[in-house]
Amino acid sequence: MQIKGKRRHKRKPSKAVGNAKTLVSRLFSMADEANDRSLADRYVQIARKTAMKVKLKLDSCFKRRYCHNCHTYLRPSVNCRVRLRKNMVVYYCLDCKHFNRIGYKKKIQP
């Protein structure tokens with residue numbers, strides 16, 4: 001049953017999702033190799049738009065590589081500071097002063 005005024009979105013074809021995954025991974029690798037910061041930021045922007053178009057969740061390794069506030073490609077010690085605090089990895093963007101915290105658990109020594 002469909003509520004009036006709301007639309008249900010159809011799933012995208014698996015071929016389109018697979019193509020988007022390969023394109024996103026290729027764009028992030030190109031951003032990693034790019035010497036120009038604005039070019040790397042553009043690659044991240046294209047990768048995000050591609051993932052949103054097919055409703056693809058980015059992997060955690062890709063999510064950690066860009067700032068979620070200003071969408072710039074983060075390079076540690078260039079425009080990003082990485083710190084470990086209280087079972088969290090803190091990525092601090094030096095461009096917009098925004099930070100992203102990602103939790104982790106320490107391994108228990110037997």
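Values in this text are rule-based calculations from the coordinates and carry no lab data. Not measured: the values here are computed from a predicted model. Cβ: placed from backbone, ideal geometry, glycine included. Neighbour counts: every protein chain shown.
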Only bridges with both residues in segment 14-103 count here: give the DSSP antiparallel percent, nearest 5. 90
In terms of Cα to Cα distance under 20 Å, which aspartates and glutamates are near enough to Lys97, apart from those fewer than 8 places away along the same chain? Asp41
Are there chymotrypsin sites (Phe, Trp or Tyr not before Pro) in segment 77-110 that DSSP puts in a loop and that have at most 10 other Cβ atoms within 10 Å, and which ones? Tyr104
Add +1 for every Lys or Arg and -1 for every Asp or Glu among the other residues with Cβ under 11 Å from the Cβ of Leu23, and state the total. +4
Compute the FRET efficiency between Gln109 and Lys15 as 1/(1 + (r/R0)^6), taking r as their Cβ-Cβ distance and R0 = 41 Å, and round to the nearest 0.05. 0.30
Averaging the inverse of every distinct alpha carbon separation and then flipping it gives the Kirkwood radius. What is it for segment 14-103, in angstrom units? 13.6
At 222 nm, what value in deg cm²/dmol follows for the chain if DSSP H runs of at least 4 each add -39500 (n - 2.57) and the sum is divided by all its residues, to the nearest 500? -12000 deg cm²/dmol
Starting from segment 2-90, pick out the trypsin sites (Lys or Arg not before Pro) whose DSSP state is loop and whose Cβ has at most 12 other Cβ atoms within 10 Å. Lys4, Lys6, Arg7, Arg8, Lys10, Arg11, Lys55, Lys57, Lys86
Cysteines (scope the chain) whose Cβ has no counterpart Cys Cβ under 4.7 Å: Cys61, Cys80
Mind checking the angle between helix 14-33 and the chain's longest principal axis? C-alpha axes, 0 to 90 degrees, to the nearest 10. 30
